[in-house]
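Notes for the one structure printed next.
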Amino acid sequence: MKTFPQTFLWGGATAANQVEGAYLEDGKGLSTSDVQPQGIFGEVVERVTGDSGIKDIAIDFYHRYPQDIALFAEMGFNCLRVSIAWTRIFPNGDDAQPNEAGLAFYDKLFDEMARHNITPLVTLSHYEMPWALVKNYGGWGNRKVIDFFERYARTVFERYKGKVKLWLTFNEINMSLHAPLTGVVLPAGSSKGEIYQAIHHQLVASALAVKACHEIVPEGKIGNMLLGGLMYPLSCKPEDVFKTLQENRSWQFFGDVQCRGAYPGYMLRYFCDNGIALDITDADREALRTTVDFVSFSYYMTGCVTADDALNNQARGNILNMVPNPHLASSEWGWQIDPLGLRTLLNVLWDRYQKPLFIVENGLGAKDKVEADGSINDDYRISYLNDHLVQAREAIEDGVELMGFTSWGPIDLVSASKAELSKRYGFIYVDRHDDGTGTLARSKKKSFDWYKEVIATNGASLKA
C-alpha cells in the first residue's frame, strides 16, 4: 500500500494579513496589505486609521488562535504554516527597536502550537511589508530595504530560535512579475529594469536571511517559496515548445538563483536582449552564494503557452494570464484543475534542484452552502484535494523527496486576490461574509473529517 513517509508533515497554511485582523493593535504599523483593502490587484488606498477593508478584522485569528489551533490539532495537524507580520515587529520598518507587544504575540502563538505538538513553518514576508518603507524609501526599489529586512529577519530568528526550526523567506517571490505592487511594491507602469532591480534586492535579502538563519538557528532549515506556475505548450509546434521553455524559465529563475547561488545564463541573455542593466555588486554576488535548504511552492493550476499571437489575444484564464488548456475543467473562479500537473511539477523541481520539496499551498476556493442543519457538504473540495494528494504520493514513488503538505486555507480566510470571504478554502467554516457581516463562529465542514482520516492513515485512505 502506498503511503507517505513517516516523517511527513501534514497541515495547513495561512498568512497573517489574511487571518489575523487586529491591523493596528498592540503597536502594529500599517502594511502594504492594509492599504490594499480590495486585494493584491486593487488600488492603494491612503489611510491612517479607520476600518475600510475586510482584512482589518479578517477572521480575527489574532484573538481566536487558541480555538483555531485546537481545531487544527483535532484534525491531526503536525505542521502549521503561518507568517509573521513584519509591521508587528518593526511598525515602520526602520524603527530603532522592535515592538515588544508584536514579538510577544508570536511567542504566545508558537507556544500554543507547541502545546498541541504542531510544528510551525514560518514565512518572513507573505505579500506585505511596512507601508512606511514604501513611503519613505520606495519599497524594494531601494537597496536600503535589504538591510531593514535582514535586521527584521535576525530579530525574529533570535527571538524564536528555540521555538521555530522551519522558515521561508518570501511568499511566491516570482509573483512580482505579475503583481509588482504586491511583490516588490513598485507602482503600475514601472519598467522591466526597475522591476528586476527590485527583484534583485529581494533575492539578495532572501539570501542574507538564509545566512542569518544558518548562523542563529543552526539546527533549523530555511527554504524559498515559489508560485508553481507550470506551463504546457498549447501544441507540439517547435515554436510553442520553445516559448513554453522560456515562460517556465521566467519563474524558475528565482529558484535557480536561490538554489544554485547565481543568475543563470538565460537570464543574463534576457537582460542583455532587453536593455536591462542591473546594479549587482560583488557583495551581492557573494551573498547569493548562500542557498536555501529546501524548495517550497504553491500549486493551484497549470496553463498553456503558444507562439500564435492570434490565440494569445483571446480571452485567457486566471490571474497569471495563461492560455486555457482545452483538456481541463475549471473552478468557479476560472482556475483550471490539473492534479497530474502537481506530479509533473514535483518531478521537474526535483530533477532541477535535487533539494527537498514542500507543497506549502494547494486547495480549492469555492462558494460553500450552509445547509438547514448547519452542515456543509464540500465534496468538491474533498475530490480536489484527494486527487492532488494521490499525485503527490505518486511523485514520492517517482523518487521525489517531499517533506510535507500544508493545504491553503485550512480555515476560511480572506482571499489575497480580491479580498473576498465568499471564496472559501477551509475545512473549517467561518461565519463572515464579503459585506463584513457574520458572527465569526467556526464550524466543521465535511472535509474536516475527511482530512482528519487522511492524516490519521498517513494518506492510506486516499482514493486513487
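The values are calculated or read from the model by the stated rules, or taken from the named source; none is laboratory data. Quick caveat: nothing in here was measured; it's all calculated off a predicted structure. Don't worry about glycine lacking a Cβ; one is built from the backbone with ideal geometry, like all the others, and counts go over all protein chains shown.
Among residues of the stretch 125-148 that are closer than 15 Å to Glu46 by Cβ and of a type in the set (A, V, I, L, M, F, W, C), those with a Cβ under 8 angstrom from a residue that is surrounded by fewer than 19 Cβ atoms within 10 Å (Cβ to Cβ) and at pLDDT 95 or above, sequence gap 6+ or separate chain, pair up as Ala132/Asn92; Ala132/Asp94.
Considering only the stretch 304-325, I want to know if a residue exists there that is under 21 Å from the mean Cα position of the chain (by Cα) and surrounded by fewer than 16 Cβ atoms within 10 Å (Cβ to Cβ). Talk me through it step by step, then tell me what you get.
Initial filter on the stretch 304-325 (under 21 Å from the mean Cα position of the chain (by Cα)): 317-322.
Next, only the ones that are surrounded by fewer than 16 Cβ atoms within 10 Å (Cβ to Cβ) stay: 321.
Among the residues of the stretch 304-325, at least one is under 21 Å from the mean Cα position of the chain (by Cα) and surrounded by fewer than 16 Cβ atoms within 10 Å (Cβ to Cβ), which makes the answer yes.
When the stretch 161-195 is filtered for residues that are crowded, with 19+ Cβ neighbours inside 10 Å and part of a helix (DSSP H, G or I), the ones remaining, listed by number, are Ile173, Asn174, Met175, Ser176, Leu177, Pro180, Leu181, Thr182, Gly183, Ile195.
Taking helices (runs of 4 or more DSSP H) that fall entirely within the stretch 228-329, which contain at least 3 residues that are in contact (Cβ under 8 Å) with a residue 60 or more places away in the chain and of a type in the set (D, E, K, R)? Break it down into steps so the answer makes sense when it comes.
Details: elements: 238-260, 265-273, 282-288, 309-312.
It comes to 238-260.
Within the stretch 439-460, residues that are within 15 Å of Asn78 (Cα to Cα) and in contact (Cβ under 8 Å) with a residue 60 or more places away in the chain have Cβ atoms under 6 Å from residues that are surrounded by 14 or more Cβ atoms within 10 Å (Cβ to Cβ) and of a type in the set (Val, Ile, Thr) in these pairs: Asn458/Thr3; Gly459/Thr3, counting only partners at least 6 apart in sequence or on another chain. One residue stands out in the stretch 68-101 among those that are among the polar types (S, T, N, Q) and under 20 Å from the mean Cα position of the chain (by Cα): the one that is surrounded by the fewest Cβ atoms within 10 Å (Cβ to Cβ), namely Asn78.
Give me the residue from the stretch 26-50 that is assigned to a loop (DSSP other than H, G, I, E, B) and among the acidic types (Asp, Glu) and, out of that set, surrounded by the fewest Cβ atoms within 10 Å (Cβ to Cβ).
Glu46
Picking from residues in the stretch 51-80 that are among the charged types (D, E, K, R) and assigned to a loop (DSSP other than H, G, I, E, B), the one that is modelled with the highest pLDDT is Asp60. Would you check if Tyr23 is hydroxyl-bearing (Ser, Thr, Tyr), crowded, with 17+ Cβ neighbours inside 10 Å and either free of Cβ contacts under 8 Å to residues at least 24 places away in the same chain or part of a loop (DSSP other than H, G, I, E, B) (or both)? Yes: the conditions hold for Tyr23.
Going through the stretch 376-392 one residue at a time, which ones are touching a strand residue (DSSP E or B) at 6+ places or on another chain (Cβ under 9 Å) and either farther than 14 Å from Leu364 by Cβ or of a type in the set (Gly, Ala, Ser) (or both)? Result: Ala392, single match.
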